[in-house]
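Notes to accompany the following structure.
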Amino acid sequence: MEAKSVAKYVRMSPIKLKPVTDLVRGKNLGEALTVLKFTPGKGAEIVEKVVKSAAANAENNFDMNVDKLYVAEVYANQGPTMKRWRAGAQGRASKILKRSSHVGVTLKER
């Protein structure tokens with residue numbers, strides 16, 4: 001039995017989110033939430049929100065014991081990229097890539 005939660009189209013690059021996901025992979029739910037709470041940066045807030053959502057799904061939809069849950073799988077994959085431009089030198093245009101991510105968490109019982 002597993003509980004999942006996904007946040008799609010998060011306006012943050014997956015390069016910034018992946019180090020945060022590596023911190024919580026394989027940890028117990030309480031320990032993962034503590035690590036995310038004290039990790040600086042916006043990426044930790046986003047991952048924490050998805051972990052809490054997956055925990056709520058586990059408790060309410062699947063009647064799983066919250067004390068026995070652990071983070072079985074967590075990922076931050078590339079989402080669609082918004083392409084923008086900015087005026088460059090000598091009449092040229094410079095590309096600006098605004099990247100987005102899909103963050104997903106799977107919780108399982110030990």
Within region 53-81, the residues that are in contact with a His (Cβ under 6 Å, 6 or more places away or on another chain) and surrounded by fewer than 16 Cβ atoms within 10 Å (Cβ to Cβ) are 77
Breaking point among (1) in contact (Cβ under 8 Å) with a residue 60 or more places away in the chain; (2) in a strand (DSSP E or B); (3) in contact with a helix residue (DSSP H, G or I) (Cβ under 9 Å, 6 or more places away or on another chain), for residue 64
(2)
Among the residues of region 82-100, are any touching a residue at least 60 places away in the same chain (Cβ under 8 Å), surrounded by 11 or more Cβ atoms within 10 Å (Cβ to Cβ), polar (S, T, N, Q) and within 20 Å of residue 6 (Cα to Cα)?
yes
Out of curiosity, is residue 50 in contact with a helix residue (DSSP H, G or I) (Cβ under 9 Å, 6 or more places away or on another chain) and either of a type in the set (Asp, Glu) or surrounded by 10 or more Cβ atoms within 10 Å (Cβ to Cβ) (or both)?
no
Filter region 38-61 down to the residues that are part of a loop (DSSP other than H, G, I, E, B) and among the β-branched types (Val, Ile, Thr) and list them by number.
39
Filter result for the condition that a residue is out of contact with any Cys (no Cβ under 7 Å at 6 or more places or on another chain), among the hydrophobic types (A, V, I, L, M, F, W, C) and over 15 Å from residue 4 (Cβ atoms), over 44, 76, 72, 55
44
Restricting region 1-37 to residues that are part of a helix (DSSP H, G or I) and charged (D, E, K, R), the residue that is nearest to residue 76 (Cα to Cα):
18
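Just so you know, all these numbers are worked out from the coordinates, no wet-lab data involved. Source: prediction; values computed, not measured. Don't worry about glycine lacking a Cβ; one is built from the backbone with ideal geometry, like all the others, and counts go over all protein chains shown.
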